[in-house]
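Written below as structure tokens is the structure these notes are about.
The values are calculated or read from the model by the stated rules, or taken from the named source; none is laboratory data. Bear in mind that the values here come from a model prediction, so they are computed numbers and not experimental data. So basically every Cβ, Gly included, is an ideal-geometry build from the backbone, and we count neighbours across all protein chains shown. All accessible areas refer to the heavy atoms of the entire protein, side chains included, with ligands and DNA or RNA removed. Shrake-Rupley method; radii C 1.70, N 1.55, O 1.52, S 1.80 Å.
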Amino acid sequence: MGGSELASRHCVPCRGGTPLLTGEALEKFKWELPDWRVVEDHHIEKAFLFPGFKTGLDFVNRIGTLAESEGHHPDLCLAWGRVQAIIYTHKINGLSESDFVLAAKIDELFFGRT
């Protein structure tokens, strides 16, 4: 499984009780999306660079549309020439498979594959 296979999936709503990704399971997903940084086994993050503010804003808006359709919402920080995405499952205060699915979908948006 790779990023594009992950991107073909859909996020599964978490109602609590979803187990946190840890150990081997977390390592597998880290390997599949090596450009995303796992921080303290709690969230994943990645910075996307742009030539200006407007292109970053357009990307944020595209992520917003994606997030609404998937029912899973990243934390986004927009600055001139840069968008930082931070993803984790808020209900469980940590990482789930859906976080990596959303990250793969965001990568596809950035690289123009969708």
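Per residue, the chain exposes 55 Å² of accessible surface when a 1.4 Å probe is rolled over the protein heavy atoms with every protein chain present.
The apolar share of the surface of the chain, taken as the fraction of accessible area on carbon and sulfur atoms (1.4 Å probe, ligands and nucleic acids excluded), comes to 55 percent. When Rg and Dmax are taken over the Cα atoms of the stretch 18-72, they come to 14.2, 40 Å. Just to confirm the number: angle between the C-alpha axis of helix 23-32 and the first principal axis of the chain, 0 to 90 degrees, nearest 10? Tilt relative to the chain: about 30 degrees.
Simple point charges give the picture: +1 on the Cβ of Lys and Arg, -1 on the Cβ of Asp and Glu, and for the chain a dipole about the Cα centre of about 280 debye.
Within the chain, the percentage of alpha carbon pairs spaced more than 20 angstrom apart rounds to 37%.
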